[in-house]
Structure formats: structure tokens, C-alpha cells
Amino acid sequence: MNFEQNLTILKKRTFSPERKVLTVYLNTEPERSQQASFKIRLKNGLNRLIEYTTAEGALEESEQLSHIQTLLEKTLEEHRVDLKKGLVIVACPSEGILFLEKLQISTPNDFYWQEEPNLDALDVILNEYPAAGIILMGSESVTVLDTLLGGIKREWNYEWDISTEDWHQYEGVAGSSREASRVTHRDKFDKRIDANRQHWMKRLGPILERHKQRNNWKEIVLAGESALTAELTKELNSMKPRILSKNLKGMTNNQVLQEVYA
């Protein structure tokens, strides 16, 4: 299941007030001076909770937290190579880890031992970095990025086929093999760019609308030459896009995200 499905299940779940749940927000962004400093932050945060419950005389809860601590330390070691900037974990003593999400966004280091998961901070992050489509526009090619929580989930690439007068999807380097064949028609192609721009954008609009529906985008970001983004904006009926008048094509995905969420 994906993030949205797991979060929906977690929010609908009923928890027993007699059995507390641990929620952890952990900054896992590597630091130059100490690559595994998040392990220390996890250990210190959980140790403080154990000390509090022990001081209150809740020895059973202290034992439960110690059990979860062992589980989380083992889990983080298993995920060590693919951790990102932030981590959200919900766990309980009887069922182990109920929710684990690695984020491309730095999170605070917060630990909650409560009757229900504390998802307030995650809801704030979702509002700031909702499911969004980032559209990188060129005069003859378009890249569509499906993003959530500041990270890229999937990528699609399209280019305009002058022979069929339509957009065609390609993957990876397949597009480069077509570049050479387009050179022969370059002069003819360039003369048709301005004349056909409105037609091209009209054909692209429904493609993006389908992406929006399938991926539950809450926002669409158009990045590219102002004339192109202006034409495409006219074809997006269901949502007013956010415009970046910058050409981001050719940048790495991380650079694109930095530009979009600067």
C-alpha cells in the first residue's frame, strides 16, 4: 500500500486507551560530522520517555518502551541505506510498527507516548507539501513529475510527434534516439512552433487532467517559458496552476524540487 492508504487506515483505526502508542518524528538527514547522529537522537528521545514513565511508577509502560526501542533501532539499521531527510514512525508494544514513512523533508525530533498516534505534525507537513504534479515544459517535450511530501514518486516524459500531431510518451533514453531523426525536420519544425503552440497545449491539457485525477493532485506546478505556461494554463479547467517562469528541464530531480519548494 502507498502512503495515503496507510495513513487513512491509521487514522480510521480505533486504539485502546489502556495501551499507549509511540509516535516518533526523527530528523534522519546525514550530518557531515556524524553520519549516524539520528541513532543518537532516537536513543536519547526514547530514553527520556522511559525515564519519565519510570519516575511516574508506570513500570509496565517503561518495559513496553524498552521493547519498542529495540525494535526501532533494529528497523532503522535495516533501512539505513535508504533513509532520506525525515522519518515518521508509529508503533505499539503488541503489534510492533504500524506506520513508517521516509520523507524528503527534514522533521523535528519529537517523541509522543499517548493513547492515540500524534499526527498533527504530519498533517502540517501534508498541507505544506501536498500531492502535486510538477510539469517541466519545453517547446517540444514535457516531463510530468508526481510528487508527495517533497519527494518524487513517479516520472513520465512526453514529446510532440509532428507526424501524428499528438503527444507520445517515451521512457528514459528512448527520447534521445528520436532527437537525431528530428534534426532533419528542424527548420520545418521550428517554423511551426509558434503557429501550433495553442493546438499542442490543447492536446496536452487532457493528459494532465488524467494524471491529476489518478494521482489525487492537490496542486499543479507549471515550470517553463512564460508563453508556454500561459497557453497550458488555459487548458487546465479543474485547477489553477502555480507558475514558475523558469526552464527546469535538464536539472536533476533534487534541483527541481529545490526550485519548486524554495
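Here are a few things to note about the model shown:
- Listed peptides 63-69, 225-231 appear in the order 63-69, 225-231 once ranked by packing, highest mean of other Cβ atoms within 10 Å at the front.
- Straight-distance crosslink candidates among aspartates and glutamates, where the alpha carbon sits under 12 Å from residue 212 and sequence neighbours closer than 8 are dropped: 146
- Stokes-Einstein, applied to the Kirkwood radius of region 203-245 over Cα pairs at a viscosity of 1.306 mPa s and 10 °C, places its translational diffusion at 151 µm² s⁻¹.
- Shown is the FRET efficiency for residue 18 and residue 80, computed with R0 = 35 Å from the Cβ-Cβ distance and rounded to the nearest 0.05: 0.55.
- Helix-only mean residue ellipticity at 222 nm for the chain, each DSSP H run of n ≥ 4 adding -39500 (n - 2.57), per residue, nearest 500: -14500 deg cm²/dmol
- Identified option (computed Cα Rg over 2.2 N^0.38 Å; candidates [x] 1.02; [y] 1.07; [z] 1.30): [z]
- Distance from region 33-76 to region 201-221 (C-alpha centre basis), Å: 44
- Spin-label model distance (nm) - residue 52 vs residue 246, 7 Å beyond Cα toward Cβ: 4.0
- Relative contact order of the chain, pairs being alpha-carbon contacts under 8 Å that are 6 or more residues apart, as %: 17
- Of 153/249; 11/218; 12/218; 20/153; 102/240; 39/153, pairs whose Cα-Cα distance is over 25 Å: 20/153; 102/240; 39/153
Bear in mind these aren't lab numbers, they're just calculated from the coordinates by the rules spelled out. It should be emphasised that the depicted structure is a prediction, and the values quoted were computed from it without experimental measurement. Please note: Cβ atoms are built from the backbone with ideal geometry, for glycine as well, and neighbour counts cover all protein chains shown.
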